[in-house]
Amino acid sequence: MSLHTEALEGGFASPVLGAQATFRALMDAMARPGTTRTAGSNAAPPHPLGVAQGAVALTLADHDTPVWLSPALANATTKGWIGFHTGAEIVSSSAHARFAFLAAGEPIPDFHGFAAGSQDYPDRSATLVIELPALTGGPTFVARGPGIKDSTQITLQGTPADFLRRWAANRAFSPLGLDIVFTAGSELMALPRSTDLQALGG
Amino acid sequence: MSTPETDLATYNFAYLDEQTKRMIRRAILKAIAIPGYQVPFASREMPMPYGWGTGGVQVTAAVIGPDDTLKVIDQGADDTTNAVSIRAFFQKVANVAVTTKTREATVIQTRHRIPEEKLTEGQVLVYQVPIPEPLRFLEPRETETRKMHALEEYGLMHVKLYEDIARNGHIATTYAYPVKVEGRYVMDPSPIPKFDNPKMHMSEALQLFGAGREKRIYAIPPHTKVVSLDFEDHPFEVQKFAKPCALCGAHGVYLDEVILDDKGGRMFVCSDTDFCEERREAGHVGELGVANKEAAE
């Protein structure tokens, strides 16, 4: 398949209902951190963009939301696909991005490189959409905060070794901070800045 | 006979165009991530006037899908003008199932009440909000109130509640009673009676607030601390009613006063019509109620 047709295909079969279903999964995930939802069953973004990851782009990105792509994703096909289906501007400076997409296995760049919002407008912060090998099977973190009854355990696979320290740093300037959506294939789990993460037994 | 070519143009699903929905959806997600914080959004004109719940309608339109069942209440009632027209609106533009039963609904849009029945996981409660800024009547400038929220400077609100006590001997605020969400943002719960405030605390349902004219969206995720502001020596209290509902005999629910004649006759009945009807169907009768036929037989 040529580069061009690949960028044109793979949008939602039904853009209106596909976006609604994906948003609902995303909203429920954001409202209940630590729970896993399925999204984007009828989207087919070009590899290495994940299915749920692509669906999130189709659902939320448009010409109002600059998008930053990680090095593995910053190829002509992915850029073309996001550009064609969402109309979003692809920016090279992560600080200007409203959404950032990272492929599986890539190092997660320093959170400080992304917009964390301002004291007056903490909502003007970036949302990171990070593809992982799997949403389970990794080290156990205990999550607490809004949306979680008492506490819940999450076992994301493929997060960096210093993730807890970096997440704590992201929360240190609360209510400023980033929000993360982790995806693996067609599954997603949200980690809003309001969620506290600790090592199991820590 | 009509074919797709000759059909008149129809509304997009749920009325709003997709770009507007994306903008509202992004605001909702950030609102959930920052509980109690008011996210600005580019509110649209809706086919109903401001003050009729355009904020709630826009939030509902961005959230609702073909599988949802919608319930709309206005001051607890399913059958008043605002509730009927908004319910009919979504039936027309989204073709969704509607209900008056609280437990059957997946999305509940409300004006100024929280249903008596406990909400469950999987339900979304959408509030219509007239004035989202709890500090607005104390400080008219948006630039100032925004700074006060940023600095967590809420002393003015406590002064207001204190002045209530100094003048009236108790906190006289009975609706839109300010709350603090997750120990951070002071939030206006919309003009619900303070009777409903405790229901917001650790609710299992997601709560979304939309203010159309004021262009703000905010949220309370499930299982989130929502504390009504008070003082140690004047703790927060909800309204108490001397008598139960005159129709269904329910205790511990919010009651509306109904004038019966011009000689001072009145009765107090459940504000939540679905709750009251269900109780009467189950055979409960208040002092002015008529016994359910089947139950009486």
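Quick check, is residue A:40 open to solvent by less than 10 Å² (accessible area, probe 1.4 Å), away from chain B (no Cβ under 12 Å) and touching a residue at least 12 places away in the same chain (Cβ under 8 Å)? Yes; evaluated as a whole, the condition is true for this residue. Listed by first and then second residue, the pairs linking a residue in the stretch B:243-255 that is acidic (Asp, Glu) to a residue that is surrounded by fewer than 23 Cβ atoms within 10 Å (Cβ to Cβ), with Cβ atoms under 7 Å apart and 6 or more places separating them unless they lie on different chains, form an empty list. Residues that are closer than 21 Å to residue B:271 by Cβ, among the hydrophobic types (A, V, I, L, M, F, W, C) and touching a helix residue (DSSP H, G or I) at 6+ places or on another chain (Cβ under 7 Å) occur at least once in the stretch B:165-176.
Residue-level analysis places residue A:185 outside the set of residues that are among the small types (Gly, Ala, Ser), within 14 Å of chain B (Cβ to nearest Cβ) and in contact with a helix residue (DSSP H, G or I) (Cβ under 7 Å, 6 or more places away or on another chain). Scanning the stretch B:90-120 for residues that are touching a Ser or Thr at 6+ places or on another chain (Cβ under 7 Å), closer than 24 Å to residue B:189 by Cβ and loosely packed, with under 15 Cβ neighbours inside 10 Å gives a single hit, B:117. Pairs are defined by a Cβ separation below 7 Å, a sequence spacing of at least 6 or placement on different chains, a first member in the stretch B:133-154 that is touching a residue at least 24 places away in the same chain (Cβ under 8 Å) and over 18 Å from residue A:173 (Cβ atoms), and a second member that is charged (D, E, K, R) and surrounded by 14 or more Cβ atoms within 10 Å (Cβ to Cβ); the pairs so defined are B:133/B:188; B:134/B:188.
Let's see how each residue does on (1) within 13 Å of another protein chain (Cβ to nearest Cβ); (2) more than 14 Å from the chain's Cα centre (by Cα):
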{"site": "A:18", "(1), (2)": "yes, yes"}
{"site": "A:25", "(1), (2)": "yes, no"}
{"site": "A:31", "(1), (2)": "yes, yes"}
{"site": "A:35", "(1), (2)": "yes, yes"}
{"site": "A:71", "(1), (2)": "no, yes"}
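Filter the stretch A:76-89 for residues that are open to solvent by less than 50 Å² (accessible area, probe 1.4 Å) and not aromatic (Phe, Trp, Tyr) and give the result.
Passing the criteria: A:77, A:78, A:80, A:82, A:83, A:86, A:87, A:88.
Is it fair to say residue B:26 is open to solvent by 40 Å² or more (accessible area, probe 1.4 Å) and modelled with pLDDT of 95 or more? Answer is no for this residue.
Take residue A:111 and decide whether it is on the phi < 0 side of the Ramachandran plot, among the aromatic types (Phe, Trp, Tyr) and within 13 Å of another protein chain (Cβ to nearest Cβ). Against the criterion (on the phi < 0 side of the Ramachandran plot, among the aromatic types (Phe, Trp, Tyr) and within 13 Å of another protein chain (Cβ to nearest Cβ)), residue A:111 does not qualify. In the stretch B:190-222, of all residues being under 24 Å from residue B:236 (Cβ atoms) and out of contact with any strand residue (DSSP E or B) (no Cβ under 8 Å at 6 or more places or on another chain), the one that is farthest from the other protein chains (Cβ to nearest Cβ) corresponds to B:195.
The single residue among B:30, B:92, B:101 that is facing chain A (nearest Cβ under 9 Å), more than 15 Å from the chain's Cα centre (by Cα) and either among the aliphatic types (A, V, I, L, M) or farther than 22 Å from residue B:175 by Cβ (or both) turns out to be B:30. Considering only residues that are surrounded by 24 or more Cβ atoms within 10 Å (Cβ to Cβ) and among the charged types (D, E, K, R), which ones fall in the stretch B:29-46? Once the filter is applied, which keeps residues that are surrounded by 24 or more Cβ atoms within 10 Å (Cβ to Cβ) and among the charged types (D, E, K, R), the stretch B:29-46 yields only B:30. Counting residues in the stretch A:17-35 that are modelled with pLDDT of 95 or more, open to solvent by 10 Å² or more (accessible area, probe 1.4 Å) and of a type in the set (Phe, Trp, Tyr) gives zero.
With respect to the numbered conditions (1) surrounded by fewer than 20 Cβ atoms within 10 Å (Cβ to Cβ); (2) within 14 Å of another protein chain (Cβ to nearest Cβ), which one is the sole condition not fulfilled by residue B:241? With respect to (1) surrounded by fewer than 20 Cβ atoms within 10 Å (Cβ to Cβ); (2) within 14 Å of another protein chain (Cβ to nearest Cβ), residue B:241 is out only on (2). Of the strands (runs of 3 or more DSSP E) that lie entirely inside the stretch A:99-202, those containing 2 or more residues that are buried (at least 22 other Cβ atoms within 10 Å of the Cβ) span A:99-102, A:127-131, A:179-184, A:187-191.
Set side by side, the residues B:65, B:55, B:51 differ, and just one is assigned to a loop (DSSP other than H, G, I, E, B) and in contact (Cβ under 8 Å) with a residue 60 or more places away in the chain, which is B:51.
Residue pairs whose Cβ atoms lie under 6 Å apart, sitting 6 or more positions apart in sequence or on different chains, and linking a residue in the stretch A:119-141 that is more than 7 Å from chain B (Cβ to nearest Cβ) to a partner that is open to solvent by 30 Å² or more (accessible area, probe 1.4 Å) and assigned to a strand (DSSP E or B), are A:125/A:116; A:132/A:157; A:133/A:157; A:134/A:157; A:135/A:187; A:137/A:157; A:138/A:157; A:140/A:153.
Is it fair to say residue B:87 is open to solvent by 50 Å² or more (accessible area, probe 1.4 Å) and among the basic types (Lys, Arg)?
No.
The values are calculated or read from the model by the stated rules, or taken from the named source; none is laboratory data. Model, not experiment: these values are computed from the prediction. A quick note on method: Cβ atoms are made from the backbone with ideal geometry, for glycine too, and the neighbour counts reach across all protein chains shown. SASA here: full protein model, heavy atoms, side chains in, ligands and nucleic acids out. Shrake-Rupley method; radii C 1.70, N 1.55, O 1.52, S 1.80 Å.
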